[in-house]
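A.B. asks: Shown below is the structure under consideration.
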Amino acid sequence: MNRMEKEYNDILNLDFDRENRIPLVTADSFVCTAFRSTEKLDGLWGFTPDVFRTFTRKRLGEVKTRDEQGRPVPVDLDFNSLLKAEVPGCWNCQEERLWYYEGEAVYSRSFYYEKENASERLFLKIGAANYESRIWLNGKLAARHKGGFTPFSVEITDLVRQENHLVITVNNRREMEQVPSMTYDWFNYGGITRSVELIRVPSRFIRVMEAALVPDKTFHNIRLRARLNEPEEGVYCRFVIEELGIDTTVQTDENGTAECILWASPQLWDCENPRLYHIEAWCGQPSVIEGEAAEAVGEKTGALIWEDYVEDYVGFREIRVQGKDIFLNGKKIYLRGVCCHEESRKGGRILSEEERMEIFHTAREMGCNILRLTHYPHSEQMALLADKMGMLLWEEIPVYWAIDFSNKDTYEDARNQLRELIVRDRNRASVVIWSVGNENPDTEERLQFMSGLAAVCREMDDTRLVSAACLVDVNTMSVKDRLIPYVDVVAFNEYYGWYYRDYEGLKEILDHTAIEKPVVISETGAGARAGHFGGREELFTEEHQERFYQKQIEYADGRIQGMFPWILYDFVSPIRMNPWQEGKNSKGLIAMDKTTKKKAFYIMQEYYQRKAGEEKE
Ligand code: GCU
């Protein structure tokens, strides 16, 4: 197609996106990176909102700035004179004019690459981009991904050159068939919200490495598993956990997976003693290295040289339910929780390490032993930090409120987001609950959809509990949801004393609920504007919020196995437009400044101190 044909095609082609609807990248693309060395492409990128999707429509992946005779021609998108935007970042917070922008945007940058050896392969990893993103490298469309909160990778070995031009388009427009769908109670930040990294791997490499305690109540059986990038049989995989005296080599099966279960006596990971072990794994056909070759790579003569190496730091613990109770390492626990959105002080989805630490310190100060990371996968840094801090985590995917439950593409989207979350965080001891949804209408389609997601959790991971934040059944005033047989922990959200002004509703629900599984309150809360004081029956006063929690505790204590106040901090929400909230949800126990504690914070702190004391008795 010459330039003129292309120009006409651009103007006349209504379905210009058809050629760009390449197959979606999924969790199968995952490249094990927790502690693999990578090269970050973070920083200031060229950026422009692309309201009419000109970049895609005019195939501007590789801009022609000169015609066939070498004469300069006008361009619609001059990558060298774009605005600038931080990656990771949200455009809403970087450009006043873009606060409410929902649509497509174009990110662009160049990078230099030099192969380190002939067999090297190169992957590009995007930590998260909300919501649909496409990757163009040197003018070629390399990948397309859906889902705003989980990582994906694409191999670029055959597209990469020394000098490269990388373009990523991101579109955060809400769509009925997406997950989440059209309406939700948080802000729709758009952008490349987590790091972009280059990953160099050998031709044969470890795609996934898993280490966990077999949940068999012995606390002594450690399962180690490595899955290669290809289903190749007979490849050697070596696992070393030096502190446990483990050094074992197994070969892969026909699926390219090597697995072993070894008896050991690890110090168990828990909230008081978050013990992590250094796990190392190699793969390949090891060869003995001699003389100069050994010196060249800093090895001793005779050392075995492997093809690929990955490492991780893993805590060994067991979480299980029995009857109405939850057990961590065989000891009954009460989930002293709190809910938390991923939102920075200056707004946006990108938290600094200090802000993440602050969440853990504040939750610890409140007496929490678990955080419910609502309503979407938070940064993987949260789980890495929780592992170190000894804080349990409830992680979830944004199957939130009304979802197009009868749409198979929607199911595939939700399923893939869940798989990407599990593959990313499966070595994180702190993560004890996978949740497959929040406050969804109890319909037949929803039951099929979410019981299917619960099955995905069990297929992929037998070391964690499955839950979902359900609605109460207001006809029978009880916790009654057809999803209950498919979950380990029955969770329900209730707001008796706020949306329904009679606190007694909670007592009625608990009186009518008899389930032989642990039941937790996954959300309960009332709005209060920090510093606004008044009567305890007056909405939005701190006194009312304080009374609210006193009544929840009065009615629920002793009848549930955990509580998650909604929410730790006030947060931005476009659906909260009234004088008391002014575009934010003010149910936080702490104000937007993440510092000003409201009276209710101390009610929960006192309650959790009491529950912690009971556990020690
Ligand atoms: C629901 C929902 C939350 C929401 C909260 C509220 O329970 O799960 O996302 O913010 O109610 O009404 O404040």
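A.B. asks: Computed FRET efficiency, Cβ-Cβ of Asp17 and Asp78, R0 22 Å: what is it to the nearest 0.05?
C.D. replies: Rounded to the nearest 0.05, the efficiency is 0.45.
A.B. asks: Using the alpha-carbon centroid of each, what span in Å lies between segment 402-418 and segment 13-41?
C.D. replies: After rounding, the separation between the Cα centres reads 19 Å.
A.B. asks: A follow-up question, please. Under 18 Å between alpha carbons, and skipping anything fewer than 8 positions from Lys584 in its own chain: which lysines qualify?
C.D. replies: Of all the lysines, those that pass the test against Lys584 - Cα under 18 Å, at least 8 places apart if same chain - are Lys346, Lys594, Lys597, Lys598.
A.B. asks: Compute the length gained on full extension between Asn255 and His512: take 0.36 nm times their separation in residues and subtract their Cα-Cα distance, giving the result in nm to one decimal. Kindly include the intermediate steps, with their values, before the conclusion.
C.D. replies: Values: separation 257, 0.36 × 257 = 92.52 nm, distance 4.92 nm.
The span from Asn255 to His512 would gain 87.6 nm if fully extended.
A.B. asks: Past the 31 Å Cα-Cα mark, which pairs from Lys324/Lys616; Lys64/Lys408; Lys388/Lys587?
C.D. replies: Where the Cα-Cα span goes over 31 Å, the pairs concerned are Lys64/Lys408.
A.B. asks: Given R₀ = 41 Å, what would the calculated FRET efficiency be for Leu262 paired with Val321, taking r from the Cβ atoms and rounding to 0.05?
C.D. replies: Details: r = 26 Å, r/R0 = 0.64.
E between Leu262 and Val321, to the nearest 0.05, is 0.95.
A.B. asks: Please list log₁₀ I(q)/I(0) at q = 0.14, 0.17, 0.22 Å⁻¹ for segment 105-221, using the Debye equation with identical point scatterers on the alpha-carbon positions.
C.D. replies: Debye curve over Cα of segment 105-221, log10 I(q)/I(0) at q = 0.14, 0.17, 0.22 Å⁻¹: -0.70, -0.88, -1.19.
A.B. asks: May I ask which residue of Tyr8, Asn20, Phe30 lies farthest towards the positive end of the charge dipole of segment 1-49, with charges of +1 (Lys, Arg) and -1 (Asp, Glu) on Cβ and the Cα centre as origin?
C.D. replies: Phe30
A.B. asks: Between Glu355 and Tyr100, what is the label-point separation in nm under the 7 Å Cα-to-beta-carbon projection?
C.D. replies: With each label point 7 Å from Cα toward Cβ, the separation is 2.3 nm.
A.B. asks: Assigning unit charges at the beta carbon (Lys, Arg +1; Asp, Glu -1) and nothing else, what dipole magnitude in debye, to the nearest 20, does the chain show about its Cα centre?
C.D. replies: 940
A.B. asks: Continuing with the same structure: Under the definition of Cα pairs under 8 Å and six or more residues apart, what whole-number percent is the relative contact order of segment 30-148?
C.D. replies: Reported as a whole number, the value is 29 percent.
A.B. asks: Here's a follow-up. Over segment 142-259, what relative contact order in percent results from Cα pairs under 8 Å that are six or more residues apart?
C.D. replies: Relative contact order, segment 142-259: 15 percent.
A.B. asks: In nm, what is the difference between 0.36 nm times the number of residues separating Asn2 and Asp462 and their Cα-Cα distance? Can you show the working numbers first?
C.D. replies: On the way: separation 460, 0.36 × 460 = 165.60 nm, distance 5.66 nm.
Full extension from Asn2 to Asp462 adds 159.9 nm.
A.B. asks: Using alpha-carbon pairs under 8 Å, 6+ residues apart, how would you state the relative contact order of the chain in percent?
C.D. replies: Normalised by residue count, the contact order of the chain is 11 percent.
A.B. asks: Same structure again: Would you compute, from DSSP H runs of 4+ residues alone, the mean residue ellipticity of the chain at 222 nm, taking -39500 (n - 2.57) per run and dividing by the full residue count, rounded to the nearest 500?
C.D. replies: Value at 222 nm, helices only: -6000 deg cm²/dmol.
A.B. asks: Quick check on the chain: take the gyration tensor over C-alpha atoms, sort the square-rooted eigenvalues as a ≥ b ≥ c, and tell me if it's rounded (a/c under 1.5), prolate or oblate.
C.D. replies: Taking the square roots of the gyration eigenvalues as a ≥ b ≥ c, the chain is oblate.
A.B. asks: Extension gain Tyr309-Asn273, at 0.36 nm per residue separation less the Cα-Cα distance, in nm?
C.D. replies: Extra length available between Tyr309 and Asn273 comes to 10.1 nm.
A.B. asks: State the answer as a single residue: which of Ala281, Val321, Ser344 lies farthest towards the positive end of the charge dipole of segment 278-358, with beta carbon charges of +1 for Lys and Arg and -1 for Asp and Glu, about the Cα centre.
C.D. replies: So the residue we want is Val321.
A.B. asks: Size of the dipole of segment 474-550 about the Cα centre, Lys and Arg at +1 and Asp and Glu at -1 on the beta carbon, nothing else charged, in debye to 20?
C.D. replies: Computed about the Cα centre, the dipole is about 160 debye.
Taken together, the values in this text are just the output of simple stated rules run on the coordinates, not laboratory data. A quick note: this is a predicted structure, and the numbers were derived from the prediction, not measured. Virtual Cβ from ideal backbone geometry, glycine too; neighbours counted across all protein chains shown.
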